[in-house]
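Following: one structure in structure tokens, then a few remarks.
The values are calculated or read from the model by the stated rules, or taken from the named source; none is laboratory data. Quick caveat, the model's predicted, so the values are computed rather than measured. Neighbour counts are summed over all protein chains in view; Cβ atoms, including those assigned to glycine, are modelled from backbone coordinates with ideal geometry. Just so you know, the surface numbers come from the protein's heavy atoms only, side chains and all, with ligands and any DNA or RNA stripped out. Shrake-Rupley method; radii C 1.70, N 1.55, O 1.52, S 1.80 Å.
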Amino acid sequence: MRQVVKLRLLFLSVAILCYASGFQFLPETLEVSNGQLLTTAFAALYFVFLPLLYWLCIIKLGKQKLWKLLLIVSLSCLMARLSFPVEIASHLEFIIWLRFPIIAVLLGIELFLMVSIVKALWQARNLSGDPRVSILEQFGQEDERKRSLALALAMEPASWFYAIPRFSRKHLPSVTHINLLSASRWHWLLLACATVLLAGASYVVIQPWSELTAIIVSSFIMYGLILITANYRVSRHFSVYRHGDQLIINNSVWGFSVVKFEHIQRVMVGPPPCENRTGVINFGQGESSNIIIKFKNPQTYFGGLGWLPEEVKAIAMNVDKPKALADLIFDILDERELEVRRAELTPSRQESVSQEVFEGDADIPAELTS
């Protein structure tokens, strides 16, 4: 599990513990013994400790926007209104009413974003590749919120695209395959069986209370078979492939990275066990990675179905054909270097070089290959 995900889970666990403790131990009034002391302690937890922990785990280490600190502060205000003694909670009554205009504004913004994103998805309906890559090309320079929402919505057509073999029959071929647990048939079979059993169990449990709700819940769970199948087929057939001037790396269907070849600084095949792995994200099963791709500048890995973007300096993988991937990268980088050196030549010199190569009277000049 990556550090960013661990930090998010850590903060979530601590926040749930703090809020649950507040509802359990805070008195209903300040008149009771130690009422003021308990209220002061939980006020420090709600409005000092939790915002500070959120800033450290989510904003600073997770590299998120500073304005998101308002989310935890507003949540603490709401929890204080519901759990603090009545003498203090009465002063926070405005929080209950303030939430309605805030929700209305947020819904308006979300609706606008969804309309623009759905429009982009509709325009990309005839593309033969991964819809997530197409959406990322359109929203890659947008703000993180809009990009994350776009990727989340793109997961629906992407799931169907990969789950149905006919839809992905024209998919670009893979250069190599990451050795992922989700690429095995028995893993897919176990997840499919677990999904069917969970759907049946949910229907049995909810049906005595409401048959309509039971059908909706069980159908929603069964719908997860599409995502499970897409996860299996991406892991088995389309984990690493070339898309134009970009290298697409799919860590199953849950996360992917789109890296331009020009941003690759170094490729290491079969790195030693003592290799420094600071800032490196690891894909694949096995004792150690057999290829590491280092970047000139940090690249974005879109984890959690696009909701958890993470900046990485390198990607380490355990693949079945590390040399084939390394050769592809080297060939493309050599071609780009050749083009750059050719562009640096004067027009007259470039014409003479092209003539020499065309006629075959000499090898490519040293200034183009060095």
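Points worth noting:
- For L180, the amide hydrogen comes within under 5 Å of the amide hydrogens of Q285, counting only partners 5 or more places away or on other chains and with H modelled in the peptide plane.
- Rounded FRET efficiency, nearest 0.05, which uses the C-beta distance separating V269 from R185 and R0 of 30 Å: 0.55
- Overall form of region 1-83: prolate. Here a/c, set by the Cα gyration tensor axes a ≥ b ≥ c, is 1.5 or more, and a/b is the larger of a/b and b/c.
- Relative contact order, percent, region 3-90 [alpha-carbon distance under 8 Å, six or more residues apart]: 38
- Of the trypsin sites (Lys or Arg not before Pro) found in region 151-228, those that fall in a DSSP loop while having at most 12 other beta-carbon atoms within 10 Å are R166, R169, K170.
- Taken over region 189-236, the percentage of Cα pairs per 10 Å bin, counting from 0 up to the bin with the maximum distance, is 29, 44, 20, 6, 0.
- Protein heavy-atom surface of region 189-236, 1.4 angstrom probe: 80% of the accessible area is carbon and sulfur, with nucleic acids and ligands not counted.
- Count Lys and Arg as plus one, Asp and Glu as minus one, and take only other residues whose Cβ is under 10 Å from that of N250; the net charge is then 0.
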